[in-house]
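Trainee: The structure's right below; bear with me while I get my questions together.
The values are calculated or read from the model by the stated rules, or taken from the named source; none is laboratory data. Since the model is a prediction, treat every value here as computed from it, not as a measurement. Here the Cβ positions follow ideal geometry from the backbone for every residue, glycine too, while neighbour counts run over all protein chains shown. Heavy atoms of the whole protein, side chains included, go into the accessibility calculation; ligands, DNA and RNA do not. Shrake-Rupley method; radii C 1.70, N 1.55, O 1.52, S 1.80 Å.
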Amino acid sequence: MLQPTEAQLAIRDATTPNLLVIAPAGCGKTEALALRIQGMLKRGDVSAPRRVLVVTFSNRARDNIRERLQGYLSAADLRDLVTVANFHGLSARLFRAHANVIGLDPAMILPENDWVRDRCREKGFDFNTSGDVQKALREAKQEPRTDAEVEALLAGAGHEAALAIERERVAEGRLTYDDMPRVAELILAHEEVADLYRCHFGAVVVDEFQDLTPQQLRIVNAIGKGRTTYAGDLAQGIYGFAGAKPAEVFAAVQEECSETIEFAESHRSSPAVLGLVNSLAHLTSCVPLTSADPASWPGGGLAAEVWHRSVQDEGAWVTDLVQGFIRHVPSHRIGIITRLASRRQYVEEALAAANVRAYRWDDGLLDTETARRMKSMLARFSIAKYEESDDKPAFLRDAADFDSVVEPTGRENLADALGWCADRFLEGVTPSQVSARIIIGDGHTLTTAPGVHLLTGHAGKGQQFDWVIVVGFEEGSIPDFRETDSPEGIAEEARILSVMMSRARHGVILSRSAAVPTKYGNLRAKQPSRFLTYLSNAGVLDYSRLAAWLQSVHWGAIAAR
């Protein structure tokens, strides 16, 4: 176990029940939260039969903090005094126990996959129509509305396609992912239920407060207002498309909390990487960071911006670079990150031509059991019968023997994998080609394996790489052309770029092309991202140093770190 930092110890020892922790990437937030819970239990701030409720946004984050807690709490205390759940799990718990107070049947079907997306696919909606339907339903349900009120809102706004899907949902007696926080808020509006949970949980801990929607914040407040520790970083708020309101939530949390502790030292990244991240602070509202041990980074780390005449040249250059990393530092992880997956096409083609193995996070990167089940299904899959099926999601579930999987996380993972598979079939990919794109783990999780990883900025949140190559550093790609009409849109795009860069330990390389093909095949000239101006002002971007670095003796020093 690592020696806690001063900031981590301050969080552990803080007696303030309503604490705000500003913890940028790489500063040891998860460790600090584990210490915080240890401190509350040791001081008796929370004692049996009451518990500490820890709320996260993902299964990965939930499992991560539970694992950290095992280092600070006895097995009995962790079992009896702490509940760790993501928002979906918390909402499901509330619904199963108290659905009757809002007139719903607790036996309704809870979501295991994106049912709305599947229905849009089955109805043959194009990309834009599907997006409009999902947005309309999501926004209609981010207030505590009853089923009847949701239907009336959709009807009044003329969202006919969304209304039809909503009526199907109600008729089938099911809930979607968007429904879960809605019904949880409706249930907690009943004071007798809210009082029960306020009595049961003596304190609440929220991981990544910047990702909260106002609705999720209201759920947290109903259970633990005035007794909640919020930890996160406004600069990592990148889920506006899902309803998160980082600035609005941050203002509310600041008002609620009587004490704030800020981390200012990074234990992850080199000074060069931190210089890039800090240069966007006026857009991202990040806490300016310094390296906890700057002398330990050979040459202070690396930051460079590289220009290419074409995307083909870019793909070839990136491939040569990562082959150098693989030869000299085979234990390192290289993240090739784009704003959108489609911008990676030519890099992926160059890597494949050079036989460089790459883990594609949005393409069949599955846990071992799910991957094996999918490969087994695809080996005997009849695409003709699938195409003839009137209920394609049900066909896929039957083919994968979905109902034989009883463990909740396993069912969720398999449901996601089947949805990914259906999307590939829609693109015309054959079952054998889909199977070939699925990688089975070999003793450790693929997301932490050495080598080359291909992912988007959103998928990389919470991850760490030794090197990050940001591909597509052009205007219209970063920032995305759809998000340039408002200051908040640009601010979120800056936060996405900040998240991409802050994944890196040793160095960041920003790669752009002078021309990028459109979907129609013609070339479009591209200007560098507007963010280059701010990054250049940091004084750490240096291509000549990159060229010298790659031919220097620093490889040995890097490998030893």
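Trainee: What accessible area per residue comes out for the chain, rounded to a whole number of Å², with a 1.4 Å probe?
Mentor: 43
Trainee: According to a simple spin-label model (label point 7 Å from Cα along Cα-to-Cβ), what is the distance in nm between Ala341 and Ser58?
Mentor: Result for the modelled spin labels: 1.4 nm.
Trainee: Further question on the same structure: Apply the Karplus parameterisation 6.51 cos²θ - 1.76 cosθ + 1.60, with θ equal to phi minus 60°, to every residue of region 228-238 and state each ³J(HN,Hα) to the nearest whole Hz, in sequence, with x for glycine and proline.
Mentor: My calculation for region 228-238 gives 10, 9, 9, 10, x, 7, 4, 5, 9, x, 10 Hz in order.
Trainee: Just subtract the alpha-carbon distance of Thr15 and His282 from 0.36 nm times their residue separation and send over the number in nm, one decimal.
Mentor: The span from Thr15 to His282 would gain 92.9 nm if fully extended.
Trainee: Which net charge results when you count Lys and Arg as +1 and Asp and Glu as -1 among the other residues whose beta-carbon is under 12 Å from that of Ser389?
Mentor: Around Ser389, the surrounding residues sum to -3.
Trainee: Looking at the square roots a ≥ b ≥ c of the eigenvalues of the Cα gyration tensor of region 378-449, which shape do they give, rounded for a/c under 1.5, prolate if a/b is larger than b/c, or oblate?
Mentor: It is oblate, given that a/c is not under 1.5 and a/b is not larger than b/c.
Trainee: Another one. Report the FRET efficiency, 1/(1 + (r/R0)^6), for Arg66 and Ser382, where r is their Cβ-Cβ distance and R0 is 45 Å, rounded to 0.05.
Mentor: E(calc), rounded to 0.05, equals 0.65.
Trainee: For an R0 of 51 angstrom, estimate the FRET efficiency from the Cβ-Cβ distance between Glu192 and Ser296 and round to the nearest 0.05.
Mentor: Once rounded, the FRET efficiency stands at 0.35.
Trainee: Once you put a point 7 Å from the Cα of Tyr520 and another 7 Å from the Cα of Ala548, both along the Cβ direction, what distance in nm separates them?
Mentor: According to this spin-label approximation, the distance is 4.7 nm.
Trainee: Report the relative contact order of region 1-110, percent, no decimals, based on alpha-carbon pairs under 8 angstrom and at least 6 residues apart.
Mentor: Computed over region 1-110, the figure is 23 percent.
Trainee: Separate question: Suppose we look only past 17 Å in the calculated P(r) of region 46-93. What percent of the Cα-Cα pairs does that tail hold?
Mentor: 33
Trainee: For every other residue with a beta carbon closer than 12 angstrom to the beta carbon of Ala316, add +1 if it is Lys or Arg and -1 if Asp or Glu, then tell me the sum.
Mentor: -3
Trainee: On full extension of the chain, what length is gained from Ala97 through Glu407, given 0.36 nm per residue of separation minus the C-alpha to C-alpha distance?
Mentor: That works out to 109.6 nm of additional length.
Trainee: Once the Cβ-Cβ distance between Glu256 and Asp132 is put in as r, and R0 is 30 Å, what FRET efficiency do you end up with, to the nearest 0.05?
Mentor: In this case the efficiency is close to 0.30.
Trainee: Tell me whether region 448-520 comes out rounded, prolate or oblate; compute the Cα gyration tensor, take square roots of the eigenvalues as a ≥ b ≥ c, and use a/c under 1.5 as the rounded threshold.
Mentor: oblate
Trainee: Carbon-plus-sulfur fraction of the accessible area of the chain, 1.4 Å probe, in percent?
Mentor: 52
Trainee: Once a ≥ b ≥ c are taken as the square roots of the eigenvalues of the Cα gyration tensor of region 332-382, is the result rounded (a/c under 1.5), prolate (a/b larger than b/c) or oblate (a/b not larger than b/c)?
Mentor: The shape class here is prolate.
Trainee: Output ³J(HN,Hα) for region 47-59: one whole-Hz value per residue in order, computed from phi by the Karplus curve 6.51 cos²θ - 1.76 cosθ + 1.60 with θ = phi - 60°, and x for Gly and Pro.
Mentor: Computed from phi, the couplings for region 47-59 are 9, 4, x, 6, 9, 9, 9, 10, 10, 10, 9, 9, 4 Hz.
Trainee: Under 8 Å for C-alpha pairs, at least 6 residues apart: give me the relative contact order for region 261-364, rounded to a whole percent.
Mentor: Relative contact order here is 23 percent.
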